[in-house]
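*Asks:* Here it is, the structure in full.
Values in this text are rule-based calculations from the coordinates and carry no lab data. Remember, predicted model here, so these are calculated numbers, not experimental data. Because the Cβ atoms are built from the backbone with ideal geometry, glycine has one as well, and the counts that use them run over all protein chains shown.
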Amino acid sequence: MLRRLTLGLLLLAAAVAAACSTNTTTPSSGGVPGVGPNFVTNTVYVADTTANTIDIYTPAPGPSATPQYAIFGSNTGLNGPMYMAFNSTKQLYVTNYNAASKAAVIAVYQTYATGNVLAVNGISMLPGTIPRGLAFLSNGDLAVAITAPGQTLTSSLQVYNSTNFLTFNIGGTSTGLGAPVGVAADATDRIYVGNSTAASVTVYALPSPSPTPSTTPSPTPTPSPTPSPTGTPLVTPTPSPSPTPAALNLPPVMTFTSGLVTPTGVAVDAAGNLYVADAGGPSAAPSVVIYKSPLSSGMAYSAKITSASFVNPTDVKVDSSGNIYVVDAGAGPGNSKLLIFKSGTNGNAVPATAIALPAGAATGMALSP
């Protein structure tokens with residue numbers, strides 16, 4: 001009997017060890033765990049803005065691919081998710097904006113989180129402030145594109161440090177910002193911003209040291225001690241003693257306009273090439289405009305992908321093999337697609353892979369590091 005019990009315990013231990021080698025249980029605030037595999041590089045995350053989900057696909061998904069995991073449910077606090085970025089520890093940052101309530105927040109989910117999990121952190125913003133694209137710098141700072149209709153700065157680029165303190169608030173007539181959407185950063189920490197109403201991508205180099213903050217109070221997150229019900233903000237904006245820096249009217253170090261009409265998502269690959277998803281306009285077809293490195297201000301585009309599959313491209317990313325991923329929101333909910341083009345694609349092209357996304361309206365995507 002003892003030998004049977006010992007053998008049984010050994011088999012159980014082996015099974016547990018095998019399970020732990022492929023899965024990670026990630027505790028989130030409030031004691032709600034997220035369980036998912038140790039997602040490998042280039043795992044695909046897509047934000048469904050109307051369904052309030054983050055759908056997760058395996059790398060290089062095929063045409064019939066479906067989400068293998070998702071972040072969803074009332075605990076998540078997702079409320080109009082749009083754009084995403086991973087920090088150096090693979091935590092996922094998601095910009096949320098609900099047009100009905102005007103609630104805005106950047107939600108943070110733990111590494112490998114899936115399912116109905118609570119966010120582990122968040123950055124709250126004033127009602128009516130719309131955060132869109134975001135990107136991390138090498139020092140852990142987070143750059144976020146902001147549109148704020150009716151406020152003093154209608155367009156700005158905000159930079160937060162690793163403790164969610166707002167250190168730079170870039171905006172003004174010299175910046176060239178115009179309803180900014182996509183944000184990317186290159187290896188030298190230059191920040192690229194797609195300006196949807198200015199038909200441009202502007203690039204910024206942050207000054208050093210950080211500017212001295214003014215005395216205007218800034219909102220900071222108040223964590224919710226219990227799961228937030230569906231349709232309410234993840235965290236409640238509350239005044240904080242932390243001051244907001246005065247607006248920095250910083251001119252761009254480079255500006256790109258060639259081939260651009262309504263830029264949305266932007267990406268910079270490891271070689272320094274710039275990719276811009278462009279929604280087009282009445283007299284211009286939607287496209288992905290590519291500028292090859294070395295980049296210089298005012299240069300002509302190097303390649304331009306057009307496709308009959310494009311309706312309303314909203315984001316673009318490039319994987320480690322150079323494949324180009326485009327989220328296309330389509331003509332409305334239920335028509336979103338994920339389109340993948342091979343490296344080097346140019347001109348009027350058929351995507352190598354076209355995936356019909358779940359019902360809803362997709363906006364942004366991210367590839368896991």
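*Asks:* Sort 123-133, 90-100 by packing, meaning the average of other beta carbons within 10 Å per residue, with the highest value first.
*Replies:* 123-133, 90-100
*Asks:* In terms of modelled amide H atoms, which long-range or inter-chain residues lie less than 5 Å from the amide H of Thr53?
*Replies:* Residues meeting the amide H criterion: Asp48.
*Asks:* Could you tell me the relative contact order of the range 239-369? Use alpha-carbon pairs under 8 Å, at least six residues apart, and round to a whole percent.
*Replies:* 18 percent
*Asks:* Return P(r) of the range 66-190 (all Cα-Cα pairs; 5 Å bins starting at 0; whole %; ordered from short to long distances).
*Replies:* 2, 11, 21, 24, 19, 13, 7, 2, 1, 0
*Asks:* What are the ³J(HN,Hα) couplings of the range 350-367, residue after residue, when phi is run through the Karplus curve with 6.51, -1.76, 1.60 and θ = phi - 60°? Round to Hz, x for glycine and proline.
*Replies:* Running phi through 6.51 cos²θ - 1.76 cosθ + 1.60 with θ = phi - 60° gives 8, x, 5, 9, 10, 10, 6, 7, x, 3, x, 10, 6, 10, x, 8, 8, 10 Hz.
*Asks:* Testing the spin-label approximation: label points 7 Å from Cα along Cα→Cβ at Ser297 and Ala331. State their distance in nm.
*Replies:* Modelled inter-label distance: 4.2 nm.
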